[in-house]
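The values are calculated or read from the model by the stated rules, or taken from the named source; none is laboratory data. If you're wondering where the values come from, they're calculated on a predicted model, not measured in any experiment. Quick reminder, even Gly has a Cβ in these numbers, built from the backbone with ideal geometry, and neighbours come from all protein chains shown.
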Amino acid sequence: MLSIQGSTRSGFCDGQTRRDFLKIGGLAMGGLSLPDLLRVEASQGSATKHKAVIMVFLPGGPSHQDIFDLKPDAPSEIRGEFKPISTNVAGIQICEQLPRLAQMADKYTLIRSMADCEPGHDAFQCLTGRSAKRQPPGGWPSFGSIVSKIKGSANPAMPPFVGLSPKMGHMEWARNGDPGYLGVSHAPFQPNRGGGTDDMSLNGVSLDRLHDRAGLLEGFDQMRRELDASGLMSGIDSFNEQAIGVLTSPKLLHALDLSREDPRIVSRYGKGENKNRDDGGPRHTDHFLAARRLVEAGARVVTLGFSRWDYHSDNFKQLREDLPLLDSALSALITDLHERGMDKDVAVVVWGEFGRTPIINAKGGRDHWPRVSCAMLAGGNMRHGQVIGSTDKIAAEPADRPVAFGEVFATLYNHLGIDVNKVTLNDHSGRPQYLIEGGHQPLPELV
Amino acid sequence: MRTLQLILLTTLLTVMHGLAADAPRPLNFANDIVPILTKGSCNSGGCHGKASGQNGFKLSLLGFEPQEDYEHIVKEARGRRVFPAAPEQSLLLTKGTAQVPHGGGKKLDPKSEEYQDLIRWINEGMPYGSDSDPKMVSISVEPPVMTLPLKGSQQLKVTAHYSDGSTRDVTRRALYEANEKAMAETSETGHVQLFDLPGDVAVMVRYQGKVATFRATIPLGAPVDKLPPVRNYIDDLVNAKLKTIGMPPSDLADDSTFLRRVTLDITGRLPTAAELKDFLAVQDPQKRSAKIDALLDSPEYAEFFANKWSALLRNQRTQPTYARGSYLFWQWIRDSIADNKPYDHFVREVVAASGDLDQHPPVAWYRQVKDMKQQMEDVAQLFLGTRMQCAQCHHHPFEKWSQQDYYSFAAFFSTVSRKASGQKDEELIFHKRGTATATNIRTKANVVPASLGGEPLKLKPEQDPRLQLTEWMSRQDNPFFAHTLVNRYWKHFFNRGLVEPEDDMRETNPPVNPELLNALAADFTKSGYDMKHLIRTIVNSSTYQLSAVPNAFNARDRQNFSRYYPKRLNAEVLYDAVNRLLDVETNFAGQAPGTRAVALPDNSYNQSNYFLTVFGRPDSSSACECERTQEASLAQSLHLLNAADIQTQLARGNGRADVLTKDPRPDDDKITDLYHIALSRDPNAAEVKFATAHIDKKTNGKKDQEAFTAKKEAFEDILWALLNTKEFLFNH
């Protein structure tokens, strides 16, 4: 039952058979029966490489008008201190604090009219596409949990869903994506949260001894799997095998170990610090690189939270500290994905929970402004080098093409080959729930 | 096979005949047009039926509100949707047939009867129909019940019955869905194709808010000549079923297996080695019954079942200040179970709870379940096996429940009021004098309380409506109350409800053995809702005591109870079992050392205990058992195989491995001990040999301290391996 797999064993994307996938994935999919699975797969077309999504959350509500949607012609109490600079795409300008990103605007899309932001300080909407207010029994599952449920692992030694955010003072920002009614099996691996992290490398036992033990277990474990027609026993066998894989071929640990990366590439991402900014997230540029490495190793969804953007005072001073780091980390990630030929398979989304007030307050800050915010999408084989939507003269309201969070999520599901018009998952009351609220469809501008 | 074809042919002819016999008559929007939209799934929740509609065109979900649909089709969009001057130019048809781009694709064939009906309806000036037109009152399906061979098939015929006594064949326009998709699939035209699994499968048939069910029994047809002894009516009814479908049951389980199984199921713990020894030594043929009684009288039974109910009754500690209340409530649940409080009393004391936490701890339920609709939905799902959630916003798609039913039922809770009581975050719950009423969001009418399927009640302002509700619930003839509980408990012991999911008991989701469900419910009611009586009846049956090991015929059986279905130990039970095996005293904050995980009062411990979290101890956030996840995961495997905690406990001085190493007895005896503790059975000779060979291999050629260390490590390895065997992880 339990076999030790060598570190050379190939993953799903390069050689594992479909039968293996069904064996492992079949259990990870839980409620989906085989015909459901086939239906889901049929709507995906065939993919040789696994597709993935990196979700970057900027806790606190970054000021859209100082980053991606500058209004140089607005009165000074509105336009603020930064000037726009031109990008390598004619007609698109962004903040002067983002010179590297300005050189690659052809590789991403800016959405300047995110129109249905929830007002609370919470990553929930950026992880689920939904409001936290009205939740079904069990709670809404996050994007990553849904992908874990529907697609399972892409590589037997890698969890499908990894969340890099550590604990934060304001815990609603620290969410990595809750599994909701899909249950803990689809919770993200959270290597920066303690708990399961320690389980990923051998604890006080040598590799040889683990081999010994696994042999012993196989000898003792004589109960016939056939006893259990539900598939749970064989599921446990599959996951045990996968766990031994994690322990003997530590793909996961290696992905998180940046010392294995070319130092020149590490330095591209900039020098952040692994320390939380007040009650927000860490300014840890390494997480962007870790996300890329995790995806490369087989993760399907990686979430991370970066710094803290709730600037009620000294807005510009703080942005001068944060924007250059964001610029280097994000531009390095996008460059990396392109250089490695991963840009078609990996989509990146960057956003916060809402925008900020047009008028700068007495303390030089901007306050909460859920009427509009902005988002960036990169990679994912989408049409980039464009801006979707716009705001009025003072960046206070969407002026055209208001975009809903659901549309962005539909775009991301579409990228992973999941048809939001067909797939439903049952909540705890047995009600089939679509993955997107309000029937939103993938952004036609991008797909 | 020939007979089958004949039946099929006759049925098909009947279907065609039924259609041909329809003479042209004025079309009625609700009776004739809406069903076309439903069948084309135009009004499904993923399309125009969702609350926001699709691309500006909204239909009521599944066509439950024809009046609204009529408005939307005929009057909106500046009349472009229907175009009487040239019906085929109507947007409804050009979109439906995908002649112009349609996001939903082609839903309608221009050659179909449905298309012709739509053309005719538009030609006739889009009549809505008059009030005097017959209304559909029910549907029926032919045949309703059938015995069919493996891989057999059956064409269904569905008839709609109208208020004027007329009938109409609606086979083509009805919707079909099998409840066990591994057993059967259905076509759009009502053809049922069976696969090769024996047992029972039901097909739900829906047509415009009415439902009917087709049930197929699929025998395996094996000879059933050896049946286990009949201990009570459960065995009669299960054996009868097994004979009908020709599926021979497994043998009875041996004493060790029985003891482990029943101890885990009643008390949530492993039997001790001493218990095992005593039990095996007793010669009395009644010893299993005696053991059952002893377990039911132990405080551990009350703790284990309090754990189950505490989660379902949402006993959460969401604030630190809730600790007192959650503990009092848990204690009340535990004591109620220990005292074997009749179930109807138990439920009444929760549902109609009044007072403060000290006077009456179950008011804690109202602290967690705050809103009238939630209270009603929880009560319906938990105690009546009825999921009302759908009917909040629209008619329930698989059920008879309408929004009127939903709000009438919710009105029972409309007078529940609360005010602050002595301590922070604690409340006094009381009935506020006045008329109980809730507003139906669709009709905007105020409705008074009515039980499910019952007449509106006229209550005096001083009457607490919740007492009327609990009185109705516990009436002997209540069709939901006893059935739901016996099904829930059946599932606890058999890992599969007679109805699945256990709290979704609707006409269209029939039990696999209806006679058994009815008999259990009748017996439970007659016993005065005696919970221990119910458990005793279940676990004394031969059915419960069957072996899990399949014979040549029943390996794939998942619904006839021809053998015991193994179930994984749940998070708390497994945690306690691992600690028992490693001889660790548990230590939870604020609890006496050694308190079992099974005996924790609320969900707050999940946060600090990764083991409980990763194995899915529920957070008590819903009234559904499904919150307790049964799935395996990579994180669980990694934890059991490699957790630092477990490694530390394995290697600890004076831990189980250390003590065994120092134990001067022969290794064989020590291995036997470990099997007793972990698996509640004797090891066989091969297993002993396998284990001692590992010890010998590790210690070979070593001396003194080195040999001691090697031997201790060998015992650590053996313990590690035992706790990762499926035999340990499962109750079987």
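Matching residues to (1) of a type outside the set (Ser, Thr, Tyr); (2) at pLDDT below 95:
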{"site": "B:Glu515", "(1), (2)": "yes, no"}
{"site": "B:Leu520", "(1), (2)": "yes, no"}
{"site": "B:Thr525", "(1), (2)": "no, no"}
{"site": "B:Ile535", "(1), (2)": "yes, no"}
{"site": "B:Ala552", "(1), (2)": "yes, yes"}
key: Single condition B:Pro465 does not satisfy, out of (1) over 15 Å from B:Phe409 (Cβ atoms); (2) surrounded by 19 or more Cβ atoms within 10 Å (Cβ to Cβ)   = (1)
message = Under 8 Å between Cβ atoms, which residue pairs at least 6 apart in sequence (or on different chains) link something in region A:418-447 that is within 9 Å of chain B (Cβ to nearest Cβ) and closer than 30 Å to B:Met388 by Cβ with a partner that is among the acidic types (Asp, Glu) and part of a helix (DSSP H, G or I)?
response = A:His428/B:Glu627; A:Ser429/B:Glu377
query = Taking strands (runs of 3 or more DSSP E) that fall entirely within region B:188-228, which contain at least 1 residues that are among the aliphatic types (A, V, I, L, M) and under 10 Å from B:Leu150 (Cα atoms)?
reply = B:191-194, B:210-218
ask   = Considering only residues of region B:397-422 that are touching a residue at least 24 places away in the same chain (Cβ under 8 Å) and assigned to a strand (DSSP E or B), which is farthest from B:Glu625 (Cα to Cα)?
value = B:Arg418
request  = Would you point out which residue out of B:Leu612, B:Leu574 is touching an Asp or Glu at 6+ places or on another chain (Cβ under 9 Å) and not in a loop (DSSP other than H, G, I, E, B)?
outcome  = B:Leu612
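This table checks each residue for (1) touching a Leu at 6+ places or on another chain (Cβ under 8 Å); (2) crowded, with 18+ Cβ neighbours inside 10 Å.
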residue	(1), (2)
B:Val416	no, yes
B:Asn440	no, yes
B:Lys444	no, no
B:Leu452	yes, yes
B:Met473	yes, yes
B:His483	yes, yes
message = Every residue in region B:566-581 that is buried (at least 23 other Cβ atoms within 10 Å of the Cβ) and either free of Cβ contacts under 8 Å to residues at least 12 places away in the same chain or among the polar types (S, T, N, Q) (or both), please.
response = B:Asn570
note = Going through region A:70-111 in order, the residues found to be touching a residue at least 40 places away in the same chain (Cβ under 8 Å) and assigned to a helix (DSSP H, G or I) are A:Glu77, A:Ile78, A:Pro99, A:Arg100, A:Leu101, A:Ala105, A:Asp106, A:Lys107
message = Cβ-Cβ under 7 Å, sequence separation 6+ or interchain: first residue in region B:465-479 and under 16 Å from B:Gly385 (Cα atoms), partner among the aromatic types (Phe, Trp, Tyr). Which pairs?
response = B:Leu469/B:Phe412; B:Met473/B:Phe383; B:Met473/B:Phe481; B:Ser474/B:Phe481; B:Asn478/B:Trp472
ask   = Only one of these conditions is not met by B:Pro134: (1) surrounded by 19 or more Cβ atoms within 10 Å (Cβ to Cβ); (2) in contact with a strand residue (DSSP E or B) (Cβ under 6 Å, 6 or more places away or on another chain); (3) not in a strand (DSSP E or B). Which number is it?
value = (1)
task = Could you tell me which residue of region B:499-515 is nearest to the other protein chains (Cβ to nearest Cβ), considering only residues that are part of a loop (DSSP other than H, G, I, E, B) and among the acidic types (Asp, Glu)?
result = B:Asp504
inquiry  = Out of the residues in region B:273-321 meeting the condition of being touching a helix residue (DSSP H, G or I) at 6+ places or on another chain (Cβ under 7 Å) and of a type in the set (Ser, Thr, Tyr), tell me which one is nearest to B:Pro362 (Cα to Cα).
reply    = B:Ser310
request  = Please go through region B:378-396 and pick out each residue that is in a loop (DSSP other than H, G, I, E, B), closer than 17 Å to B:Asn509 by Cα and touching a Leu at 6+ places or on another chain (Cβ under 8 Å).
outcome  = B:Thr386
Scan of region B:117-140 for residues that are within 43 Å of the chain's Cα centre (by Cα) and of a type in the set (D, E, K, R), ordered by number = B:Asp117, B:Asp131, B:Asp133, B:Lys135
ask   = Taking region A:95-120 only, how many residues are of a type outside the set (A, V, I, L, M) and surrounded by 19 or more Cβ atoms within 10 Å (Cβ to Cβ)?
value = 9
message = Conditions first: (1) farther than 19 Å from B:Pro397 by Cβ; (2) surrounded by 15 or more Cβ atoms within 10 Å (Cβ to Cβ); (3) out of contact with any His (no Cβ under 8 Å at 6 or more places or on another chain). B:Gln155 passes all but one, so which condition is the exception?
response = (3)
query = Within region A:392-447, which strands (runs of 3 or more DSSP E) (wholly inside it) include 1 or more residues that are under 14 Å from B:Gly46 (Cβ atoms)?
reply = A:424-426, A:432-434
ask   = How about region A:197-236: which of its residues are acidic (Asp, Glu) and more than 8 Å from chain B (Cβ to nearest Cβ)?
value = A:Asp208, A:Glu218
inquiry  = Let me confirm something: among B:Gln316, B:Gln331, which residue is more than 23 Å from the chain's Cα centre (by Cα), closer than 21 Å to B:Val369 by Cβ and touching a residue at least 40 places away in the same chain (Cβ under 8 Å)?
reply    = B:Gln331
task = Pick out the one residue from B:Leu723, B:Leu650 that is within 11 Å of chain A (Cβ to nearest Cβ) and either in contact with an Asp or Glu (Cβ under 9 Å, 6 or more places away or on another chain) or basic (Lys, Arg) (or both).
result = B:Leu650
message = I'd like the full set of residues that are within 19 Å of B:Glu727 (Cβ to Cβ), touching a helix residue (DSSP H, G or I) at 6+ places or on another chain (Cβ under 8 Å) and either surrounded by 23 or more Cβ atoms within 10 Å (Cβ to Cβ) or among the hydroxyl-bearing types (Ser, Thr, Tyr) (or both), limited to region B:546-565.
response = B:Ser547, B:Tyr564, B:Tyr565
inquiry  = Residue pairs, Cβ under 9 Å, 6 or more apart or interchain, first in region A:320-342 and over 13 Å from A:Pro62 (Cβ atoms), second acidic (Asp, Glu) and outside any loop (DSSP other than H, G, I, E, B). List them.
reply    = A:Ala329/A:Asp286; A:Arg340/A:Glu296; A:Met342/A:Glu296; A:Met342/A:Asp336
key: Residues of region B:672-687 that turn out to be of a type in the set (S, T, N, Q) and farther than 21 Å from B:Ala253 by Cα, as a count   = 0
request  = Mind listing whichever residues of region B:678-718 are more than 10 Å from every other protein chain (Cβ to nearest Cβ), within 19 Å of B:Ala273 (Cα to Cα) and buried (at least 21 other Cβ atoms within 10 Å of the Cβ)?
outcome  = B:Ser680, B:Phe715
ask   = Which ones in region A:158-186 are over 20 Å from A:Gly120 (Cα atoms), small (Gly, Ala, Ser) and part of a helix (DSSP H, G or I)?
value = A:Ser185
ask   = B:Lys662: among the basic types (Lys, Arg) and within 12 Å of another protein chain (Cβ to nearest Cβ), yes or no?
value = no
